[in-house]
Structure formats: C-alpha cells, structure tokens
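Asks: Take a look at this one; I'll ask things after.
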Amino acid sequence: MAKWEGKAYAKLAGCKAEQVWPLLQDFFGLDKWFPTLATCLPVEGVSGQPGCVRFCAGFKTPVDRGDKAAMNWTKQKLLSIDPNEMVFSYSIEEGNVGFDSYVSTVKVFPEEQGCGVEWKYEVEPVEGWRLEDLDFFIASGLQVMARRMEAALQLFHASINN
C-alpha cells in the first residue's frame, strides 16, 4: 500500500527566517509551540544533534474518541539537521497513535516581508484515519505554531526596543 504524503505551510509576517529557525531547531522544545502538546522531554542525546530522541505526550488528534482514557504519546528521533539550510527531519519511532514509518521534514525559508515554514510528511496509512484528518492535524498545528512564534518574536523585539 502506498504511503500517505502531505505538506503544510505557514507564513510568518515580519519575522526573519534566521529568527524563527532557532525556535524550531530546539528539538526538545516543541511543547512551547505546538498546540495541545503538554509534554516534550528529552529521552536521549543532545537536542539538535542527529539521533537525539524526544518524548511527546498530551496532544489531541482529529480522530480521538471521547471515551479514550489513554494519553496520546510518541517517541520521535531527529534524523538529520542542517542549520545552514534551516531544515531538519525526524521520525516517529514508537507511540500509541498508529503512525508507522512516519517521517517529517521541516524547513524555514526567507520570503518577502517575513518567512515561511514548510512541514512535509509521509506515513503508512493510519487505521481509523483519513489522509484529510492528518492534513488538518498538521496544517492547523503549524498555523498555531506560526502565530505563537510571531507573538513571541514581537514581544521580544518590543522588549529590546524599550
């Protein structure tokens, strides 16, 4: 069976790619930005170095059932990172959300009057999901991340300009 593939994009107005990249390359800091993610903890390695692993838990997905008692969790491994190109890729190594062979690539790039973040992903079809569910989950999460990063950077710039 063919893998599902998707791509999400968010524009950050008034933010330089060089300002956004450090926020994203903090591999163990995803909970600062991704909505509904309660926990992101280091499991092994050094954040930002290939092979490091993070534990993420507490997020909701578009197909969560109301009667579900267990908390969603995944262990994610940083596969590669290139600070010069402002891109990294990671895989989900294990978890309880049914994402098998999941690999994502996240890239920041400069644009006029801001920057963009692209999040590409591929995964084996997930039982109980439709590709549209995954597209919505990634795209809506990335939009919230972009707004949170914009707000944090605006606050930062306001504080140093006072």
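Rule-based calculations on the coordinates, nothing more; no lab input. Computed from a predicted model, the values in this text were never measured in an experiment. A quick note on method: Cβ atoms are made from the backbone with ideal geometry, for glycine too, and the neighbour counts reach across all protein chains shown.
Asks: So how tilted is helix 131-160 from the main axis of the chain? Cα-based, degrees 0 to 90, rounded to 10.
Replies: Value to nearest ten degrees: 30.
Asks: Most mobile of Ala152, Ala139, Ala57 per a Gaussian network model of the chain (Cα springs, under 10 Å)?
Replies: Most flexible of the set in this elastic network: Ala152.
Asks: Related question: Within the set of other residues whose C-beta is less than 11 Å from the C-beta of Lys7, count the net charge using Lys and Arg as +1 and Asp and Glu as -1.
Replies: Residues close to Lys7 contribute a combined charge of -2.
Asks: Limiting things to C-alpha atoms, what are the Rg and the maximum Cα-Cα separation (Dmax) for the chain, in angstroms?
Replies: Spelled out, the Cα radius of gyration and Dmax of the chain are 15.9, 57 Å.
Asks: How many nm is it between the label spots at Arg148 and Ala38, if each spot is 7 Å from the Cα in line with the beta carbon?
Replies: 1.5 nm
Asks: With +1 on each Lys and Arg Cβ and -1 on each Asp and Glu Cβ, how big is the dipole of the chain about its Cα centre, in debye rounded to the nearest 20?
Replies: 380 debye
Asks: Return the distance in nm (one decimal) between the two label points of a simple spin-label model at Glu111 and Glu18, each offset 7 Å from Cα along Cα→Cβ.
Replies: Simple spin-label model gives 2.0 nm for this pair.
Asks: When the Cα centres of the stretch 89-112 and the stretch 1-48 are compared, how far apart do they sit, in Å?
Replies: 9 Å
Asks: Select from Ser140, Ala2, Ile160 the residue farthest towards the positive end of the dipole of the chain; place +1 on Cβ of Lys and Arg, -1 on Cβ of Asp and Glu, and compute about the Cα centre.
Replies: Ile160
Asks: Can I ask one more? Note the full-extension length gain between Asn161 and Glu93 as 0.36 nm times their separation in residues minus their Cα-Cα distance, in nm to one decimal.
Replies: Stretched fully, the Asn161-Glu93 segment lengthens by 20.2 nm.
Asks: Please give the FRET efficiency for Asn84 paired with Leu131, using the beta carbon to beta carbon distance and R0 = 35 Å, rounded to the nearest 0.05.
Replies: For Asn84 and Leu131, the calculated efficiency is 0.60.
Asks: Over the chain, what is the relative contact order in percent, taking alpha-carbon pairs closer than 8 angstrom and at least six residues apart?
Replies: Result for the chain is 29 percent.
Asks: Placing +1 on the Cβ of each Lys and Arg and -1 on the Cβ of each Asp and Glu in the chain, which of Gln19, Thr105, Cys52 has its Cα farthest towards the positive end of the resulting dipole?
Replies: Positive-end residue among those listed: Gln19.
Asks: Please work out how much length the chain gains when fully extended from Asp100 to Ser140, using 0.36 nm per residue of separation minus the C-alpha to C-alpha distance, in nm with one decimal.
Replies: So the extension gain works out to 12.3 nm.
Asks: Run the numbers on the stretch 84-162 and let me know its relative contact order in percent, using alpha-carbon pairs under 8 Å that are six or more apart.
Replies: 20 percent
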